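Notes to accompany the following structure.
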Amino acid sequence: MPMSAAQLSAVLTPIVDFVFPPRCPLCGSPVAAHGGLCLACWGKIVVPSGTCCKLCQRPMGELYGAEAEMVCAPCMAEPPKHSGIAAATLYNEPSRALVLALKHGRRIGLVPMMARMILPRLGGLEGDWLVVPVPLHRWRLMRRGFNQSALLARELARLTGKQLMVDGLVRPKATPSLGGLNRKSRARVLTGAIQPNPRLAHRLTGARVLLVDDVMTSGATTDACMLALRRAKVAQVQIACFSRVLDEALDGLRVSPEPDA
């Protein structure tokens, strides 16, 4: 009788751990199992906490009390079209190192851990949702070999039981690196770069979409995705990302952001 996946894992895991001892992906210290951080590195990860903006979940500290329904200044000036941003971490050196290890170091084994860190930030996600990643242009996809946002989306779909639509959005227009550009310049570069997949647009109409990215920097890329999703007449969009660049929430600690995509 063939073994189940769980039984096979139970047999193989000790062998794999013996040949390749589990190490913290940030500092290399021994850890209990693959796909986890050591206690010291966990302590350096910054998780959004305290009172948050009710529209975008931007951390606003403890000044107004945990029950206050506050709206941050950026949302007051320009209310977002999405229903919230679920970020697992704030972008600092440790979270940046994890993102770079996945994106450029090809450490795709980090994806399950990163997705598990996003999961508690999502809330209930009641009802039907489509899990849609931020797309890459085919040239960049060919060079990298994978879309890190799609890998995170696939794992989040598995964890939540929601339907994955990995090609719900497409990126027909190649764009240069967005590093060093301000939000207005990024938006100009991204004009027309992201579109709803014409083959699947009918499935997006009226749907609730969980839009998944690895890092949310200025928001220009997610804004371009939002524009494409609104063109497909989706009913609701929530954004999920592993890390979010919010320098003002890190007590003045600035980290050079990795360019979008």
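The values are calculated or read from the model by the stated rules, or taken from the named source; none is laboratory data. Being a predicted model, the structure only gives us computed values, none of them experimental. Cβ placement follows ideal geometry from the backbone for every residue including glycine, while neighbour counts extend to all protein chains displayed.
Summary table
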quantity: Any hit, the stretch 167-175, residues being free of Cβ contacts under 8 Å to residues at least 24 places away in the same chain and more than 15 Å from the chain's Cα centre (by Cα); calculated: no
quantity: Failed condition for Y91, given (1) modelled with pLDDT of 95 or more; (2) closer than 27 Å to C27 by Cα; calculated: (1)
quantity: Meets criteria (part of a loop (DSSP other than H, G, I, E, B), loosely packed, with under 13 Cβ neighbours inside 10 Å and either over 16 Å from the mean Cα position of the chain (by Cα) or modelled with pLDDT under 95 (or both)) for G105; calculated: no
quantity: In the stretch 73-96, the residues that are of a type outside the set (V, I, T) and surrounded by 17 or more Cβ atoms within 10 Å (Cβ to Cβ); calculated: P80, H82, G84, A86, A87, A88, L90, Y91, N92, P94, S95, R96
